[in-house]
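Below is one structure, written out as structure tokens; the observations come after it.
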Amino acid sequence: MSRFIWLIRREVWEHKAIWIAPAVVLGCIILLMLTGESHVYDEAKMPHLTHDQQVAILTYVYSALALPSFMVMGIIAFFYALDSLYADRRDRSVLFWKSLPLSDAETVLSKFAVAIVLIPLVALAAAVVTQLLVAAIESIGAGVTGMPAGFMWQPAAIGGAISVVMLLSVTAMLWYAPFIGYLMLASAWAPRAPFLWAVLPPAGAMILEKFVMRSDYVGSFIAERLLMVPYLRHLRDEMPASAVENGASKIERLTSIDLHGVLGTFYKSPELWLGVVAAALLLAAAMWVRRYRDETA
């Protein structure tokens, strides 16, 4: 276990973007808040809502503050996984690491843990810090304008948003596991340009299917996995069905959405668990390629 932890530490030391990127995102959000370009508290509308509706709206807003961190860290996870097993071969350091008493399974799994566990946890920490700092900035602004400053610190809103973000983190880890496994397999296999080796096969499959079979199953499947379409579909089903509804009914429909329940639908989906199985198979293939690849050529 200690060797595994040291392998993870090595990855963090070598990839500073893992902790620099969320700090930059946090700084940009705080800068927007301080310059008045973005607000959480709408003093014209919020006082006319019930207390439960106000708490629900705050929960949604605090949860949405996590999206920039998760999007940026998702991009970092993509390029990290794509380069994870190729970088050692590019600089020939793989020969040194293979001379150590480290198995290929330990190396591959440590890099997978960084991509699928550590990076989402960093995004989660950045999201929680963002929520608390935004609450502090908005409460100061509300106090200056004569509004109740403590409103931004509703325990139900902050606690609910944090729990939503935590559930989103776990869901994203499981949902995107096959993507990380595929990228790591491409990284282990590619003789050069791993990005092309990862992108061209699915792109070629989509183009071939489009022209030969006149269908788009491959593209739809990839888009659904990338964009978390089941989540968006369930969220859309609970949103107002018509744009002509009056403002009050829209607020009532919006504040009745259960974000925990919507995310919970993933765990009832066979696609989630089949993806976990696919990720395990892809990781096993990456271990096999790394073990038997001739690195002296």
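Bear in mind these aren't lab numbers, they're just calculated from the coordinates by the rules spelled out. This is a predicted model, so every value here is computed, not measured. Quick reminder, even Gly has a Cβ in these numbers, built from the backbone with ideal geometry, and neighbours come from all protein chains shown.
What the table below lists for this structure:
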{"quantity": "Ordering of 210-222, 53-65 by burial proxy (mean other Cβ atoms within 10 Å per residue, highest first)", "calculated": "53-65, 210-222"}
{"quantity": "Sites residue 35 and residue 292, calculated FRET efficiency, Cβ-Cβ separation with R0 51 Å, nearest 0.05", "calculated": "0.35"}
{"quantity": "Two-site label geometry, residue 277 and residue 79: point separation in nm, points 7 Å out along Cα→Cβ", "calculated": "3.5 nm"}
